[in-house]
Amino acid sequence: MKITVFGSAAPAPNTPAYDEARRLGFLLGQAGHTVLTGGYMGTMEAVSRGAAEAGAHVIGVTCAEIESWRPTQANPWVAEQRPTPTLEVRMVALMDGCDAALALPGGIGTLAEITLLWNRMAVQAAPRRPLVLIGQGWRDTFAGLYTAQSEYFAESHRAFLQFAPGIEEAVRIIQQPEINRHYSAGGG
């Protein structure tokens, strides 16, 4: 499968968040998946690095708007770079290019990626696929949102999000044959 991983640009090498993202990339690569990330630093670099170390193909979806805002280039573990002009086009490319998406802890950009994919699946603008949010922070964030604005979040829409306490469980979720058959058959 092609797995997109969303996450923060902030984690530096040799920090717990970076090391966890690197391990996630390694587990995905070890399982034979192609990995897509935003292609730059932080968890994007760490996931790319781990996947490359496991022998996986790594795709970096980069963005001219980001590169003009912060001079940077694709990390060295990206084997295939897919440049895009804007953040919006980049997000859609990351979504449309995957069979499943995982979200590590992150900030505004990661939240935007989660909610855009979630909304696109809800309105059938994108095929339904596993969207797994990793860590207690995401579970708490969405639990608070559901509590504060419960009348706006139908149970059928809540079912589009899955939560995993850690990376190993997230990988197990996307590897379940019944999950993959269910999503590929257009179920939910």
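The values are calculated or read from the model by the stated rules, or taken from the named source; none is laboratory data. A quick note: this is a predicted structure, and the numbers were derived from the prediction, not measured. Cβ sites come from the backbone with ideal geometry, for glycine too, and all protein chains shown count toward neighbours.
The set of residues in the range 78-115 being more than 10 Å from the chain's Cα centre (by Cα) and charged (D, E, K, R) consists of GLU80, ARG82, GLU88, ARG90, ASP96, ASP99. Of everything listed in (1) surrounded by 13 or more Cβ atoms within 10 Å (Cβ to Cβ); (2) within 21 Å of GLU45 (Cβ to Cβ); (3) among the hydrophobic types (A, V, I, L, M, F, W, C), the single unmet condition for LEU131 is (2). For the residues GLN149, GLN136, the requirement of being over 17 Å from the mean Cα position of the chain (by Cα) and not aromatic (Phe, Trp, Tyr) singles out GLN149. Please verify whether the range 24-44 includes one or more residues that are over 18 Å from ALA170 (Cβ atoms), surrounded by fewer than 23 Cβ atoms within 10 Å (Cβ to Cβ) and in contact with a Phe, Trp or Tyr (Cβ under 7 Å, 6 or more places away or on another chain). No, every residue in the range 24-44 fails to be over 18 Å from ALA170 (Cβ atoms), surrounded by fewer than 23 Cβ atoms within 10 Å (Cβ to Cβ) and in contact with a Phe, Trp or Tyr (Cβ under 7 Å, 6 or more places away or on another chain). Return the pair list, or none, for Cβ contacts closer than 8 Å from residues in the range 134-147 that are within 25 Å of GLU20 (Cα to Cα) and part of a helix (DSSP H, G or I) to residues that are among the small types (Gly, Ala, Ser) and at pLDDT 95 or above, at least 6 apart or on different chains. Once the first residue is within 25 Å of GLU20 (Cα to Cα) and part of a helix (DSSP H, G or I) and sits in the range 134-147, its partners that are among the small types (Gly, Ala, Ser) and at pLDDT 95 or above give TRP138/ALA103.
Per-residue answers, yes or no, for (1) more than 21 Å from LYS2 (Cβ to Cβ); (2) surrounded by fewer than 17 Cβ atoms within 10 Å (Cβ to Cβ); (3) among the basic types (Lys, Arg):
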residue	(1), (2), (3)
CYS63	no, no, no
GLU80	no, yes, no
ALA93	no, no, no
LEU102	no, no, no
MET121	no, no, no
ARG139	yes, yes, yes
PHE153	yes, yes, no
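Screening GLU45 against (1) under 13 Å from ARG22 (Cα atoms); (2) part of a strand (DSSP E or B); (3) of a type in the set (D, E, K, R) leaves a single unmet condition, (2). Residue check: is THR72 among the polar types (S, T, N, Q) and assigned to a helix (DSSP H, G or I)? No.
Consider the range 1-21 and keep the residues that are without any contact (Cβ under 8 Å) to a residue 60 or more places away in the chain and either touching a strand residue (DSSP E or B) at 6+ places or on another chain (Cβ under 9 Å) or surrounded by fewer than 24 Cβ atoms within 10 Å (Cβ to Cβ) (or both). The one that is nearest to LEU116 (Cα to Cα) is TYR18.
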